[in-house]
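The structure appears right after this line, and notes come after that.
None of the figures in this text is laboratory data; all of them are computed from the coordinates on show. As the structure is a computational prediction, the values presented were derived from the model and not from experiment. Methodologically, a virtual Cβ is constructed for each residue, glycine included, from the backbone with ideal geometry; neighbour enumeration extends over all protein chains shown.
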Amino acid sequence: MNTRIAAIALLVGTAGLAACKTTPPETLPPDPGPTTSAGATETAISGLVPGTQEHFEDAVNGQNVIYFDTDRFNIDSADAAALQTQAQYLAQYPNITITVEGHCDERGTRDYNLALGERRANAAKNYLVSLGVAASRIATVSHGKERPVALGSNPTAWARNRRAASVVIN
């Protein structure tokens, strides 16, 4: 009985769709012309939309992540260079806000790593603020050891997980 009802419903639906006839428009809209704004030109060149995470990562040459030594949250010279590149991008796009995520490796307690991740995120934020980025444009969050990018219990994995990552939020 249920299969008969389903078959009938299918036939009625098919007949109803077949009865609908759409006619194409007499004329098509004009092709979009070339744009002249800087953002649109950049989009056309790189294929990425300004203000997206992909555009941010491309513009800063993948330097949206900085790394830390064990139990440290200080900004070294390599980190400073990456953060300067991020600050330049944020100066170029003043409407973009970011979140700096602090991360740790798997060693240590959950509470210790959450606190250390917060110090790492705040260190990156403070450095960006010192370079002229408004503090109101930068949020921070600590994920502690909860979101590793490298799985494993070895020095290589630990080094990759001790990081602060800048993520575009709009």
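Karplus-based coupling profile of segment 115-121, in residue order and whole Hz: 5, 5, x, 5, 5, 5, 4, with θ = phi - 60° in 6.51 cos²θ - 1.76 cosθ + 1.60 and x standing for Gly or Pro. Sketch the reach of a paramagnetic label on ASN170 as a point 7 Å from Cα along Cα-to-Cβ, and name the residues of segment 119-140 whose backbone nitrogen lies under 11 Å away. Of the residues in segment 119-140, 137 have backbone N under 11 Å from the label point off ASN170.
In this calculation the C-beta distance from ASN74 to LEU131 is compared with R0 = 22 Å, giving a FRET efficiency of 0.85.
Could you please rank SER136, SER142, placing first whichever residue has the fewest other Cβ atoms within 10 Å of its Cβ?
SER136, SER142
Beta bridges assigned by DSSP with both partners in segment 50-168 are antiparallel in approximately 55 percent of cases.
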